[in-house]
Amino acid sequence: MILTACGGEEDYTPKPRGYFRIATPEQKYEKLDIDCPFTFDINAAAEWQPLKKHDCWGDVYYPSIKARLQLTYKSVTPENLDTLLSDGHELAFKHVVKADGIAEKLYSDDVRGIHGILYNIRGEAATNTQFFVTDSTEHFLRGVLYFYAEPNEDSLRPVNDYMYQEVVHLIETLQWQNSLP
């Protein structure tokens, strides 16, 4: 019986390494209602987690896929706009060492006062999606996407693509509020 179970004539072929299937949340949105000079649509499956030490800094956390979009807001002055823009660009390009490529998508919406860049970073970088937007006079918002997982472009591709679309939706629904907190 042992010889029959283990010793067949079939050749064993090892299977390629696979990854667990990651189910992404439904794309269902509601307006984020917080006491900050901006608002946007947030996925119903995500949570806004404010940081206590900074006004209007916080994370949009997706618990089911362990993704965290860290948002930092700063007021714009004539003295700091160049620095904010330069820092946003430099922080994205710090990942060029590990990246296979960086694609930039420009945003310019004069009606809403939204101008900025969305970075799509390919490769084994710590973050694959970053952005910054500003109205150039009062508001600046920067976002960086992180996963609680080791960078692996192949296994994270479905959630990276999903979260990239979430960031696009955030930018496209972003509204500046008239008064600062």
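The values are calculated or read from the model by the stated rules, or taken from the named source; none is laboratory data. From a predicted model like this one, the values you see are computed outputs, not experimental measurements. Cβ coordinates were reconstructed from backbone atoms using ideal geometry, including for glycine residues, and neighbour counts include every protein chain displayed. Accessible surface areas use protein heavy atoms only, side chains included; no ligands, DNA or RNA. Shrake-Rupley method; radii C 1.70, N 1.55, O 1.52, S 1.80 Å.
A cut-off under 13 angstrom between Cβ atoms defines the neighbours of residue 28, and their net charge, with Lys, Arg +1 and Asp, Glu -1, is -3.
Rounded to the nearest Hz, the phi-derived 3J(HN,Hα) couplings of the range 61-77 under the Karplus curve 6.51 cos²θ - 1.76 cosθ + 1.60 (θ = phi - 60°) are 9, 10, x, 5, 10, 6, 10, 9, 9, 7, 10, 10, 10, 9, 6, 8, 10, where x marks glycine and proline. Counting only residues at least eight positions apart within a chain, or on another chain, the lysines with an alpha carbon under 20 Å from that of residue 105 are 94.
Take each peptide in 45-52, 156-163, count the other Cβ atoms within 10 Å of every residue, and average; sorted highest first, the result is 156-163, 45-52. Return the tail of the calculated pair distribution for the range 43-126, meaning the percent of Cα-Cα pairs more than 23 Å apart. So the portion of pairs separated by more than 23 Å is 38 percent.
Sorting 82, 87 by solvent-accessible area of protein heavy atoms yields 82, 87, largest first, with a 1.4 Å probe.
Let a ≥ b ≥ c be the square roots of the eigenvalues of the Cα gyration tensor of the range 12-84; is it rounded (a/c under 1.5), or, if not, prolate (a/b larger than b/c) or oblate? It is prolate, given that a/c is not under 1.5 and a/b is the larger ratio.
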